[in-house]
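The values are calculated or read from the model by the stated rules, or taken from the named source; none is laboratory data. Computed from a predicted structure; not experimentally measured. Cβ sites come from the backbone with ideal geometry, for glycine too, and all protein chains shown count toward neighbours. For accessibility, only protein heavy atoms count, side chains too; no ligands or nucleic acids. Shrake-Rupley method; radii C 1.70, N 1.55, O 1.52, S 1.80 Å.
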Amino acid sequence: MFEKGRYIVYGTTGVCEIEDITSPDIKGVSEDRLYYVLNPCFKKGNRIFTPVDNEKVVIRAVMTEEEASLLVDAIPTIEELWEKDDKVRELRYKEAIRSCNPKEWIQIIKTSYLRREQRRAQGKKATTVDERYFKAAEDHLYAELSIALKMPKEEVRDYIQARLEKKQ
């Protein structure tokens with residue numbers, strides 16, 4: 001169980017702060033069951049109430065600052081998701097987003113970026129699927145790195161580029 005005030009990754013919602021841990025006074029909800037009250041950090045909207053023992057949605061701690069730095073340093077070694085079949089690639093993208101695994105998000109970003117560049121070289125546009133999952137993976141990754149590295153989300157891309165250039 002996580003503590004009040006901690007940041008977690010909650011499924012495809014992304015990074016949330018645990019606002020409270022309570023037994024909500026809601027009809028049909030057992031008074032004995034504890035719920036997290038989550039406040040999404042980068043998606044404005046309502047609070048989320050989810051059982052502490054929820055097994056249907058991935059709930060994990062946001063990576064530490066050290067883990068975030070190591071992940072960024074490892075980006076060049078993370079393999080792309082090369083899949084020739086468009087339907088299978090989209091399925092793999094979808095699974096990677098749902099996994100809540102930052103390495104898999106990086107795989108999507110790298111794959112989509114390289115495919116976009118290849119298609120541009122051929123005079124074609126990027127596919128809608130590649131663009132959609134690129135944005136989703138980038139959004140999830142940058143949100144978590146933003147919290148872990150204690151920097152605005154808008155600065156994460158530049159931080160990654162600068163850090164990788166320094167390593168070369």
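With all protein chains kept in place, the per residue accessible area of the chain amounts to 63 square angstrom at a probe of 1.4 angstrom. Across segment 131-138, rounded Karplus estimates of 3J(HN,Hα) from the backbone phi angles (6.51 cos²θ - 1.76 cosθ + 1.60, θ = phi - 60°) give 5, 4, 6, 4, 4, 5, 5, 4 Hz, Gly and Pro being marked x.
Remark: segment 105-114, residue by residue, has Karplus-estimated 3J(HN,Hα) of 5, 5, 4, 4, 4, 5, 5, 4, 5, 5 Hz, where x stands for each Gly or Pro and the curve is 6.51 cos²θ - 1.76 cosθ + 1.60 at θ = phi - 60°.
The stretch between LYS4 and VAL52 holds 16.1 nm of extra length on full extension. This uses 0.36 nm per residue minus the Cα-Cα distance. Spacing of the modelled spin labels on THR77 and GLU65, each 7 Å from Cα toward Cβ, amounts to 2.3 nm.
The amide H of VAL58, built 1.01 Å from its N in the peptide plane, has GLY11 as neighbours under 5 Å, considering only residues 5 or more places off or on other chains.
Taking only protein heavy atoms and a 1.4 Å probe, the accessible area of segment 3-66 is 44% carbon and sulfur. Per the Kirkwood treatment, what hydrodynamic radius in Å, one decimal, follows for the chain from the mean inverse distance over all distinct Cα pairs? Result for the chain, one decimal place: 17.4 Å. If the segment from LYS43 to LYS150 were pulled out straight at 0.36 nm per residue, it would be longer than the present Cα-Cα gap by 36.7 nm. Residues within the reach of a label modelled at GLU19 (point 7 angstrom out along Cα to beta-carbon, backbone nitrogen below 11 Å), restricted to segment 48-62, are 48-49.
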